[in-house]
Amino acid sequence: MNNPITELDPFIAQGRRDLEELVRLESVSAQGRMLPETADAVTRLLEAEGFTVRRYPGQVAPVLVAEAGEGPRTLLIYNHYDVQPEAPLELWESPPFELTEREGRLFGRGASDDKGEFVSRLAALRALRAENGGRLPLRVRWLIEGEEEVGSPSLADFVRDHAEELRADGCWWEFGAIDPAGRPVLYAGLKGIVCVELRCRVADSDLHSANGAVVDNPLYRLSKAIASLRDDAGRITIPGFYDDVRAPSQADLEAVARIPDESAAMREAYGIRGFLENASGAEYYRRSALEPVLNVNGLHGGYDGPGSKTVLPAWGFAKLDFRLVPDQSPGQVVALLRAHLKNIGLGDIEVLELETHEHPARSDLTHPFVRLAAQTARDVYGVEPVLHPSSGGSGPMHPFLEYVGLPVIAMGIGNHAGRAHAPNENIRVQDFERGVAFALEFFRRLARLED
């Protein structure tokens with residue numbers, strides 16, 4: 001490339017100013033705050049760098065699709081401009097919507113998730129344009145939504161309907177992290193999720209507990225239902241649940257075997273009494289990345305005040321989530337759950353589906369796009385990156401694989417103490433700076449990538 005620029009300081013400084021502007025906008029999607037205004041601000045930043053920006057209505061907030069550059073390669077980037085609510089406000093050590101630097105970190109709501117990720121990539125594209133005489137040597141398409149923190153209700157249909165507009169050689173996902181040892185952590189997939197509520201009612205009002213001799217207890221029935229869903233090893237016992245599970249590839253299994261074992265640190269940090277089946281090392285990460293899981297989020301009903309109250313509750317409920325792996329379907333899992341409860345005599349328990357479901361997604365670790373991201377991280381950070389076949393968490397990645405046919409990789413600037421979704425959300429200044437350097441080199445290499 002002509003006139004290569006090695007000095008990134010001006011672009012990093014501009015990126016920090018961009019982040020300060022965006023953090024100031026209280027784009028809380030759960031409360032519908034300042035979403036059009038933030039979409040406007042993002043649009044201005046992109047248009048200033050030569051992007052054409054198209055704006056589409058979403059169920060909660062505008063969806064932006066931007067495009068710039070030309071060349072044999074096309075990169076799709078996915079980010080979001082909405083953030084979580086700032087509560088509890090009293091736990092913040094600085095105003096949540098003012099970017100504040102202290103002790104080598106930048107604090108503010110969205111600094112990590114996801115405005116900091118967005119502006120670090122934009123800063124790198126500025127540098128790439130500058131070293132190429134004002135042009136981008138690859139085509140960049142950018143999808144930026146404002147509904148991610150409320151489950152991305154518009155995204156799957158949007159990606160399906162605009163698949164041609166989003167065609168690319170690969171998709172760079174919206175998050176990633178640097179671990180405590182300074183290693184970049186990349187993810188090639190996300191688990192799916194389906195959340196449900198189980199409800200059981202046995203009477204119109206609470207009863208004296210003496211009636212327990214002849215009236216069943218809703219909390220007992222809920223407990224019986226929950227106990228029937230998994231065994232002591234954590235394996236789900238709903239008939240047919242594993243029928244659609246895709247076997248992990250050899251590359252997936254080799255990747256989890258290479259992940260540095262930090263299970264002991266996790267156990268110590270959270271005071272965990274022990275792991276299922278005493279999992280550690282490769283087995284810990286295999287279960288985390290490649291196995292579906294059932295979680296009981298809460299069981300509620302009856303009296304929970306001080307002392308005793310001899311009551312038979314009229315009703316109770318439990319909240320559950322299932323984390324899914326390819327090729328499981330959230331809808332099929334709910335159908336299997338209902339059939340299972342009916343078959344064991346608990347068909348009176350109502351199953352309510354909650355919020356937006358997410359299908360699981362996992363990219364091929366041997367794909368050249370994924371390999372390029374890992375090699376770039378290796379070279380820029382000077383250490384072996386940690387490549388996960390999938391995060392244990394969930395997100396709206398599936399439509400990009402299903403409808404656009406893209407490999408997806410997540411690599412970013414988060415950190416283990418970044419407190420995303422919590423008070424004092426932050427990124428480390430050094431991670432922001434190196435994230436810009438990584439993005440610039442990734443763009444350069446993608447532009448040169450041969451078939």
ask   = Considering only the stretch 330-347, how many residues are loosely packed, with under 15 Cβ neighbours inside 10 Å and either part of a loop (DSSP other than H, G, I, E, B) or modelled with pLDDT under 95 (or both)?
value = 3
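Do the conditions hold for Y303, that is, is it in contact with a strand residue (DSSP E or B) (Cβ under 9 Å, 6 or more places away or on another chain), surrounded by fewer than 19 Cβ atoms within 10 Å (Cβ to Cβ) and closer than 30 Å to R445 by Cα?
Spelling it out, it is not the case that Y303 is in contact with a strand residue (DSSP E or B) (Cβ under 9 Å, 6 or more places away or on another chain), surrounded by fewer than 19 Cβ atoms within 10 Å (Cβ to Cβ) and closer than 30 Å to R445 by Cα.
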request  = Name every residue in the stretch 259-278 that is out of contact with any helix residue (DSSP H, G or I) (no Cβ under 9 Å at 6 or more places or on another chain) and aromatic (F, W, Y), in order of residue number.
outcome  = Y270
task = Considering every residue within the stretch 207-220, establish whether at least one is over 30 Å from V370 (Cβ atoms), among the charged types (D, E, K, R) and more than 28 Å from the chain's Cα centre (by Cα).
result = yes
inquiry  = Taking the criterion of being in contact with a Ser or Thr (Cβ under 6 Å, 6 or more places away or on another chain) and assigned by TED's automatic domain parsing to the domain that holds S152, would at least one residue in the stretch 111-119 satisfy it?
reply    = no
task = Could you check G116 against (1) touching a strand residue (DSSP E or B) at 6+ places or on another chain (Cβ under 8 Å); (2) outside any helix (DSSP H, G or I) and say which number it fails?
result = (2)
task = Name the one entry in R33, R17 that is surrounded by fewer than 21 Cβ atoms within 10 Å (Cβ to Cβ), more than 24 Å from V150 (Cβ to Cβ) and either without any contact (Cβ under 8 Å) to a residue 40 or more places away in the chain or touching a strand residue (DSSP E or B) at 6+ places or on another chain (Cβ under 9 Å) (or both).
result = R17
task = Tell me which residues, restricted to the stretch 377-425, are at positive phi and modelled with pLDDT of 95 or more.
result = G382, G405, N424
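The values are calculated or read from the model by the stated rules, or taken from the named source; none is laboratory data. Keep in mind that this is a model prediction, so the values were computed, not measured. Positions of Cβ are backbone-derived with ideal geometry, glycine not excepted, and every protein chain shown enters the neighbour counts.
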